[in-house]
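Q: Once you've had a glance at the structure underneath, I'll fire off some questions.
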């Protein structure tokens with residue numbers, strides 16, 4: 001028996017001694033009282049009480065000794081059991097460790113030591129040194145599902161369990177191996193089928209200028225390029241319509257395509273056709289989202305539509321994080337037909353006729369193209385018998401310049417409203433028609449766009465973001481010169497001859513002249529056809545030119561940019577204006593950017609000015625550089641050769657640094 005057991009037995013026996021002595025004293029007192037107060041025999045009562053006392057003490061001592069014996073036997077086995085448990089845990093294959101509240105290791109098994117690859121002891125080390133996790137948060141239970149940790153090529157799921165002992169908290173951390181599960185999951189992700197739709201977006205237009213043999217040769221060469229690319233991607237490629245393909249490939253191959261920015265596009269672009277050696281371009285929509293193949297197919301088709309609405313010659317990749325774009329470095333060719341305009345005009349008239357009321361608006365700080373397009377849509381609403389309201393700010397200089405004659409016309413007496421009044425007009429059956437912009441965050445009144453149920457968009461700028469609002473009609477044609485051109489084609493399909501007022505025709509023609517720089521850029525046969533229609537409706541080029549006359553103050557504003565011009569990368573001119581500007585300086589910046597293109601060897605120009613808490617940038621190009629792609633990376637957008645951006649809360653100097661970085665990214669891609 002150990003030295004500890006007798007001490008415990010002696011202490012407990014002494015307790016019984018005092019208890020027995022106290023009980024004997026009480027019984028003796030009882031005996032005295034019985035003899036004094038009753039006639040009981042002292043001898044008989046004394047013997048009886050003594051016998052009862054002896055029997056009670058004997059039973060109590062026997063039971064207490066039995067309890068002490070069991071307790072002693074249990075305590076004698078505890079050290080052995082503890083050693084046995086520790087030895088057993090030490091031999092378990094799964095790694096274990098015990099840490100204190102600070103995350104210091106106080107015990108671990110051999111499996112954990114082998115996992116760390118150390119030969120010496122781990123006692124006293126912080127667990128953070130071996131686990132790539134924040135141990136304090138982990139031990140607090142902020143990750144109840146556990147944390148995945150890796151040791152070399154092996155993966156484990158670590159879980160912590162609280163073990164309070166004598167007022168202190170200890171944590172048992174168990175590592176469960178998931179190497180096989182992680183490998184299977186990763187393989188499943190890499191082999192997940194990704195769907196892509198591919199279309200040769202300009203071959204149909206090029207075919208008009210090619211002989212049959214050249215057309216067939218070009219299509220065969222491009223198909224061969226796509227098949228070689230598909231073979232290298234372990235993909236299945238099938239042509240489901242003329243010049244349209246569907247490709248299914250494993251997701252693991254997508255990362256390489258993104259890393260090389262879809263180099264197959266450059267290979268296809270090298271296929272030249274015709275006497276002018278024009279490049280063939282391809283658009284592609286890819287989607288990795290969707291639990292089923294039909295969902296992925298629908299998402300990929302929507303991505304392809306977005307790529308085409310942005311002008312084609314690019315990839316629109318839809319992932320869980322959103323849309324990503326690659327390419328878009330070739331200028332869009334006009335490929336619209338009157339059939340498309342007739343279909344859109346029918347859909348638009350149907351929406352207008354079924355609406356309770358119609359609101360029309362363009363982008364914030366409207367130009368002639370935006371205002372002219374709004375007026376054209378208002379005329380269409382009048383033809384359909386639905387009263388419309390145009391939402392704009394009457395205080396804007398451009399609005400005052402071009403709407404002066406409309407203010408006093410009976411038809412336009414109360415048609416113009418501000419954003420607050422327009423919001424009051426929103427009802428469940430309201431139709432909102434947005435023109436000359438497809439980003440609803442920069443429309444004249446974003447709060448109206450957020451509250452209407454039915455929305456239509458007509459624009460000629462490249463699509464930058466997907467609208468969260470479901471569109472009842474989306475007519476986005478980057479190949480068009482202006483929004484007024486698109487509206488003119490729609491009106492030509494709907495209105496009878498002479499159905500427009502000459503003031504309306506003048507406004508729409510001014511919008512086309514503005515965006516084409518007097519028909520010098522971004523024009524095609526459709527542009528001149530739309531201008532001819534407006535001319536037939538009473539548009540007078542001489543009167544339209546008055547809209548473009550600048551007053552002396554505006555002339556001075558524009559001149560401020562001429563004194564601060566730098567040439568960057570040999571062919572890009574950047575002008576900036578010192579000091580604060582106001583809303584009128586936006587027009588001056590745009591004109592300064594236009595004028596810089598007249599400088600020899602300048603292929604693109606940018607004009608920067610601070611207006612309020614933002615730096616406004618206007619960009620123009622001669623068609624060899626896509627300024628829309630450059631400014632899109634800065635949160636802006638626009639057209640291939642005409643774009644803009646607003647950079648909030650930055651100085652002009654900081655904005656210029658970011659602009660140069662964006663130019664470098666664009667130019668270095670090649």
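The values are calculated or read from the model by the stated rules, or taken from the named source; none is laboratory data. Fair warning: this is a prediction, and the values are worked out from it, not measured in the lab. Every residue, glycine as well, gets a Cβ built from its backbone with ideal geometry; the counts of neighbours run over all protein chains shown.
Q: Looking only at segment 230-241, count every residue that is assigned to a strand (DSSP E or B) and on the phi > 0 side of the Ramachandran plot and tell me the total. Lay out the reasoning, then the answer.
A: Taking segment 230-241 and keeping what is assigned to a strand (DSSP E or B), we get 236-241.
With the extra rule that they be on the phi > 0 side of the Ramachandran plot, the set shrinks to none.
Qualifying residue count, segment 230-241: 0.
Q: Just to verify a result, which residue in segment 613-647, among those that are surrounded by fewer than 23 Cβ atoms within 10 Å (Cβ to Cβ) and free of Cβ contacts under 8 Å to residues at least 24 places away in the same chain, is nearest to residue 311 (Cα to Cα)?
A: So, considering only residues that are surrounded by fewer than 23 Cβ atoms within 10 Å (Cβ to Cβ) and free of Cβ contacts under 8 Å to residues at least 24 places away in the same chain, the one nearest to residue 311 (Cα to Cα) is 624.
Q: Which of (1) under 29 Å from the mean Cα position of the chain (by Cα); (2) over 28 Å from residue 616 (Cβ atoms) does residue 441 not meet, given it meets every other one?
A: (2)
Q: Additional query: Tell me whether segment 10-22 contains one or more residues that are modelled with pLDDT under 60, surrounded by 11 or more Cβ atoms within 10 Å (Cβ to Cβ) and out of contact with any helix residue (DSSP H, G or I) (no Cβ under 7 Å at 6 or more places or on another chain).
A: Yes, because at least one residue in segment 10-22 is modelled with pLDDT under 60, surrounded by 11 or more Cβ atoms within 10 Å (Cβ to Cβ) and out of contact with any helix residue (DSSP H, G or I) (no Cβ under 7 Å at 6 or more places or on another chain).
Q: Let me ask another. For segment 619-639, what are the residues that are within 24 Å of the chain's Cα centre (by Cα) and over 19 Å from residue 587 (Cβ atoms)?
A: Listed by number, the residues that qualify are 626, 628, 629, 630, 632, 633, 634, 635.
Q: So, restricting to strands (runs of 3 or more DSSP E) that lie completely within segment 139-178, which ones have at least 1 residues that are modelled with pLDDT under 80 and assigned by TED's automatic domain parsing to the domain that holds residue 115?
A: Details: elements: 147-151, 154-165, 168-177.
So the answer is 147-151, 154-165.
Q: Condition check: touching a strand residue (DSSP E or B) at 6+ places or on another chain (Cβ under 9 Å) and at pLDDT 85 or above. Does residue 271 satisfy that?
A: Numbers: touching a strand residue (DSSP E or B) at 6+ places or on another chain (Cβ under 9 Å): yes; at pLDDT 85 or above: no.
Criteria not met by residue 271.
Q: Looking at residue 455, is it over 29 Å from residue 604 (Cβ atoms) and either part of a helix (DSSP H, G or I) or free of Cβ contacts under 8 Å to residues at least 60 places away in the same chain (or both)?
A: Working: over 29 Å from residue 604 (Cβ atoms): yes; either part of a helix (DSSP H, G or I) or free of Cβ contacts under 8 Å to residues at least 60 places away in the same chain (or both): yes.
In short, yes.
Yes/no matrix, rows are residues, columns are (1) touching a strand residue (DSSP E or B) at 6+ places or on another chain (Cβ under 7 Å); (2) farther than 25 Å from residue 502 by Cβ; (3) without any contact (Cβ under 8 Å) to a residue 60 or more places away in the chain:
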| position | (1), (2), (3) |
| --- | --- |
| 345 | no, no, no |
| 366 | no, no, no |
| 393 | no, yes, yes |
| 408 | no, no, yes |
| 429 | no, yes, no |
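Q: Here is a check on your reading of the model: is residue 207 surrounded by 13 or more Cβ atoms within 10 Å (Cβ to Cβ), outside the structural domain of residue 254 (by TED's automatic domain parsing) and modelled with pLDDT under 80?
A: Taking the combined requirement at face value, the residue does not satisfy it.
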